[in-house]
Structures are given as C-alpha cells and as structure tokens.
Amino acid sequence: MNIRYEKMDAWQDQARTFFKDHWQTDTMVVSSGEYRLADLNGIVAVTETNEVVGLVTYTVHAMHGNRVAEFR
C-alpha cells in the first residue's frame, strides 16, 4: 500500500468522517479548550485510492507569563 501525506486543509470533510467513524465525534475537550479536530492544522495519510488511513493534528501555544497566546 502506497501512502502519501497531505495537508489537512484539502481533506477536512474526509478527516471529519474519519474522526467520527473512529471516535464517534470530531470534537476533543482538553484542559486548554475544546477543539474541532478537522479544523486544526494537520497532516493526513492517504492511500492511492484516496482513503484516509491516519491523521496527525496539532495546535501551537506559546507561554507568556501566566497567559497562553495561540498562533493561527
């Protein structure tokens, strides 16, 4: 199986479906907030038949004293 890696931007709908199929939701709640996973920056692993087989998502925060600044 050949896998290619692409930016999440072009695959948001498929990523949302992937999250819902595997975790029943595309929203994650953590201590820093609530995130719609398909709307985050990320990399999508796609097969030659355009099947999404994996994802890595991320958000970047920088600490400034007691405050967190989010870069978008």
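The values are calculated or read from the model by the stated rules, or taken from the named source; none is laboratory data. Small disclaimer: the values here were computed from a predicted structure and weren't measured. Cβ atoms come from the backbone with ideal geometry, glycine included; neighbour counts cover every protein chain shown. Heads up: the accessible areas ignore ligands, DNA and RNA and are worked out on the full protein's heavy atoms, side chains in. Shrake-Rupley method; radii C 1.70, N 1.55, O 1.52, S 1.80 Å.
Residues that are open to solvent by less than 50 Å² (accessible area, probe 1.4 Å) and either acidic (Asp, Glu) or assigned to a loop (DSSP other than H, G, I, E, B) (or both) within the stretch 6-43 comprise 26, 40, listed in sequence order.
Could you list, in sequence order, the residues of the stretch 1-41 that are touching a residue at least 40 places away in the same chain (Cβ under 8 Å) and basic (Lys, Arg)? Before you say what the answer is, go through the steps one by one.
Our first condition is that a residue be touching a residue at least 40 places away in the same chain (Cβ under 8 Å); within the stretch 1-41, this holds for 1-6, 8, 11, 15.
Listed by number, the list holds a single entry, 4.
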